[in-house]
Amino acid sequence: MLKVMIPTNATSEQAAIPESWQHLKIDLHTHSWCSDGALSPTELVSVAQEQDVKMLALTDHDSLDGLAEARQACHEAGIQFVNGMELSTQWKGIPLHVVVLGFDEGQPEVHQAVEHNQQIRKERAYRIALRLKRQGLPDIFDDVCKEAGDSQIGRPHFARVMVQRQLVKDEEAAFRQYLGNNKLGQIREVWPDMTDCLPKLSGCQLILAHPSRYKLTSSKLKRLLADFKACGGNGIEVSSGNDNPQLVRFHETLSRDLGLKASVGSDFHGHFGPWTNVGKFTPVDERQIDPVWYEWLS
Ligand code: AMP
Ligand code: MN
Ligand code: MN
Ligand code: MN
């Protein structure tokens, strides 16, 4: 018999949710060294297992390279695995990240989207290096390519090289001085427009990542979400990284009011501080949202 928990203000639909689905420890936003994370997919899964995570998505930036390894490691660890990646895109010149979840690994549209962005990443890296050089810094392009190796090259690889070459104190300073938003290393308009790339990925769960990290006013964020939904977006991350409870309550309201599913994730890149871990983020109120991960539970 199905055991159910009936919250006092639950709708009849919510009342049918098995208790075992609720408060499940999950993480639908993580990175490995296939993009800018520090760990291999297998090491990431080991951390997830230590943290008692029951469902995990690997969502490397514009990369599918770690999925097979992570899936195998999850299989061995008894963790449910969800295919994922974090797609770089833009809306009106503002770079945005969309967490794409739940696709089949062979889905050609997903491969096309990723390959398109990988080409952009290479060209963008060259342009970033050139801009830094024009600014008076040494030419670090070759070092950054070496640092990235087979990983999808991104600004964190620039930051690491800048630290190694003692051009900055730490990676945070590299972003603050050179690579962050509105600095010369952030080339804003290279990514495909959301209205072009999202409709091609219909059939996947398309989740706007970390909605409060774009520093938009709430009315602009609502306009973005309306456009996002119109081109096929169907969810938002209500709790991501170190979003505080107040922010999470705001995201829950947005998700409910706009009819968007809710996703959650640590955005783990490695053990860079005591506050990051796989499966670690402010808890959500599952009665107030439509959790995307219920799709994959049975
Ligand atoms: P990219 O994919 O090249 O646009 O780089 C974006 C990545 O840089 C994000 O996914 C983070 O991992 C990292 N990042 C962004 N801002 C900062 C920051 N201020 N300090 C450290 N890392 C950052
Ligand atoms: Mn990253
Ligand atoms: Mn992101
Ligand atoms: Mn991420």
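What the table shows:
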quantity: Mean separation of Cα contacts under 8 Å, 6 or more apart, over the residue count of the chain: relative contact order %; calculated: 19
quantity: In Hz, Karplus ³J(HN,Hα) per residue of region 157-163 (6.51, -1.76, 1.60; θ = phi - 60°; x = Gly, Pro); calculated: 5, 4, 4, 4, 5, 5, 5
quantity: Per-pair calculated FRET efficiency, R0 = 30 Å: A77 and E189 via Cβ, rounded to 0.05; calculated: 0.15
quantity: Relative contact order (percent, whole number), region 10-151, Cα cutoff 8 Å, 6+ residue spacing; calculated: 18
quantity: Rel. contact order, % - alpha carbon contacts under 8 angstrom, at least six apart, region 216-298; calculated: 31
quantity: Within region 175-189: backbone nitrogen closer than 14 Å to the K215 label point (7 Å, Cα to C-beta); calculated: 175-188
quantity: Too-long pairs where the Cα-Cα distance tops 22 Å, listed order kept, from K200/K229; K92/K183; K122/K183; K220/K280; K169/K215; K183/K222; calculated: K220/K280; K169/K215; K183/K222
quantity: Estimated FRET transfer efficiency when R0 is 35 angstrom, pair H116-N244 (beta carbons, to 0.05); calculated: 0.50
quantity: Projected-area average for region 116-268 over all orientations - Cα convex hull basis, square nanometres; calculated: 10.1
quantity: Amide H partners (placed H, <5 Å) of L96, local residues excluded; calculated: T89, Q90, W91
quantity: Extension reserve of the E172-D196 stretch, reckoned as 0.36 nm per residue once the Cα distance is removed; calculated: 5.4 nm
quantity: Nonlocal amide H pairs with K261, under 5 Å, H built at 1.01 Å; calculated: G235, I236
quantity: Derived scalar couplings ³J(HN,Hα) [region 61-75; Karplus, 6.51 cos²θ - 1.76 cosθ + 1.60; whole Hz; x for Gly, Pro]; calculated: 4, 6, 8, 10, 4, x, 5, 4, 5, 5, 4, 4, 5, 5, 4
quantity: Net lengthening on full extension, S40/T253 (0.36 nm per residue, minus Cα-Cα); calculated: 73.1 nm
quantity: Phi-based couplings in Hz for region 82-96 (Karplus 6.51, -1.76, 1.60; Gly and Pro marked x); calculated: 10, 5, x, 6, 10, 8, 8, 8, 9, 9, 6, x, 9, x, 10
quantity: Region 142-211, Rg to Rh (Cα coordinates; Rh as Kirkwood inverse mean 1/r); calculated: 1.09
quantity: Distant-in-sequence amide H partners of S40 (H built 1.01 Å from N, under 5 Å); calculated: W33
quantity: Net dipole in debye of region 148-226 [+1 Lys, Arg Cβ; -1 Asp, Glu Cβ; about Cα centre; nearest 20]; calculated: 340
quantity: Whole-percent pair-distance distribution, where bins are 10 Å wide, for the alpha carbons of the chain; calculated: 6, 27, 35, 23, 6, 2, 0
quantity: FRET efficiency for D139 and E105, using Cβ-Cβ distance with R0 set to 45 Å, rounded to 0.05; calculated: 0.75
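No lab work stands behind these numbers, since they all come straight from the coordinates. These figures come from a predicted structure and were not determined experimentally. Using ideal geometry, Cβ is built from the backbone for each residue, glycine included, and neighbour counts are taken over all protein chains shown.
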